[in-house]
Every structure is written in structure tokens, then in C-alpha cells.
1. In the range 35-67, how many are touching a helix residue (DSSP H, G or I) at 6+ places or on another chain (Cβ under 9 Å), more than 16 Å from Ala134 (Cα to Cα), polar (S, T, N, Q) and surrounded by fewer than 21 Cβ atoms within 10 Å (Cβ to Cβ)?
2. Within the range 8-50, work out how many residues are at pLDDT 85 or above and polar (S, T, N, Q).
3. So how many residues does the range 68-80 have that are surrounded by 15 or more Cβ atoms within 10 Å (Cβ to Cβ) and either in contact (Cβ under 8 Å) with a residue 12 or more places away in the chain or among the charged types (D, E, K, R) (or both)?
4. With respect to the numbered conditions (1) among the small types (Gly, Ala, Ser); (2) open to solvent by 40 Å² or more (accessible area, probe 1.4 Å); (3) under 26 Å from Arg178 (Cα atoms), which one is the sole condition not fulfilled by Ala83?
5. Does Arg53 meet the test of being out of contact with any Ser or Thr (no Cβ under 6 Å at 6 or more places or on another chain), outside any helix (DSSP H, G or I) and without any contact (Cβ under 8 Å) to a residue 60 or more places away in the chain?
6. Restricting to the range 1-43, give me the number of residues that are assigned to a helix (DSSP H, G or I) and either closer than 27 Å to Arg150 by Cα or touching a residue at least 60 places away in the same chain (Cβ under 8 Å) (or both).
Amino acid sequence: MPARKTSTFWYYMAKFVFWVAGWHLGGIANPEIKKSMMIAAPHTSNWDLIIARAAFYLMDVDVRFTVKKEWTEHWALGWLVRAIGGMPVDRSKNNSLVDGMVKLFNEHDELVILITPEGTRAYQPRWRKGYYFAALNAHVPIRLGYLDYRLKEAGIAEAVYPTGDYEADEARIKAFYRTIAGRFPDQGVR
């Protein structure tokens, strides 16, 4: 049996968070996938990060997420942001985040990058496309992480392999997320 990626401390912290909040784990599809772009949707609340991070610790999925470089260098919180998976992105440089993510996938044997394609907690009819093209160019699947506040369930649905037809693939992805209730359902995927 492979060693856990999650430290004992974070595992038990996650169990505590789930216990206090009344959450449980749902299914974990495609656990054999070692490199992927992980979508987190619908993203309607700041609580999503806490519940999702706890869920991924319990599922033993070592997700990473991009944050502004300043958050990882903050004198008081930088260590925590890095500890829970924050990967710094320098937005002062005119560089492509998509190319940067493809480079990261090429440099690692195992990597799961978590993205909120809405880019905001408010309802957003158009998702940012970077996650899709990073997955397509890195030849990795897109996994569908979810937090269903109605059921208080966190899980990972079947992976979607990008075909190059963004509209068709996005329609398939959004069809799944329409069945998931965010903390504020009126801000979810339509």
C-alpha cells in the first residue's frame, strides 16, 4: 500500500472540519490519475476553500492551487498558504499562466492543479478558458471536484479528457455542475 501524501496532522484536522461542519465524502472517480487539472465548481463562497482543502486531505489527493505570489510571501500567512498547496504566480510579469501550468505538468510525475474556472464567487456565465487549454496542451485530463452543499458531500466525478472542441467539452462539464448546489445556489452554474 502506498504511503499517504497527507500528513497525519492535516488528515486529522480535515476529519475535525468535516465532523464539525457535518460533511461527508462522496465518490472518488479515477483515483489512478496522477496528473490532472481539477475543477472546483461552483465556487460561491470563501468557505469552499476550507471544505475543499479538507476533502482533498481526506481523499489523499495532493492538490495545488495558484495564488498571487504576495500571498505566499506574506509575513504572517505565507507559510500557511504554501502548506495547504498554494503555488505562487508572479502576475507582475507579462507571462502566460497557461504556459506556466503546462511547464509545471511537464516537470512533475504527479501533479493536480486546482482551478475555479468562474474566477469569482459571483455567478459568471462565461468561464475562463485557461484551465482547459492548459489541460489540452499538457495532455492531462480535467477532473471534476465538487462540493454539494445541499447534500454536504464532497467528491470527484468522472474525468473529462479534452478533445480540442472547447464548446462541446465545456457543455459536458457544465451539465455535471448544474446538478451540484453551491453554498449560494443562485450563484451556481446555469
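1. Qualifying residue count, the range 35-67: 1.
2. 3
3. 4
4. Of the numbered conditions (1) among the small types (Gly, Ala, Ser); (2) open to solvent by 40 Å² or more (accessible area, probe 1.4 Å); (3) under 26 Å from Arg178 (Cα atoms), the odd one out for Ala83 is (3).
5. No; evaluated as a whole, the condition is false for this residue.
6. Applying the first criterion (assigned to a helix (DSSP H, G or I)) to the range 1-43 yields 8-21.
Subset that is either closer than 27 Å to Arg150 by Cα or touching a residue at least 60 places away in the same chain (Cβ under 8 Å) (or both): 10-21.
Matching residues across the range 1-43 total 12.
The values are calculated or read from the model by the stated rules, or taken from the named source; none is laboratory data. Quantities reported herein were computed from a predicted structural model and do not represent experimental measurements. All Cβ positions, even for glycine, are placed from backbone atoms using ideal geometry, and neighbour counts span all protein chains on display. Surface areas here come from the heavy atoms of the whole protein model, side chains and all, with no ligands, DNA or RNA. Shrake-Rupley method; radii C 1.70, N 1.55, O 1.52, S 1.80 Å.
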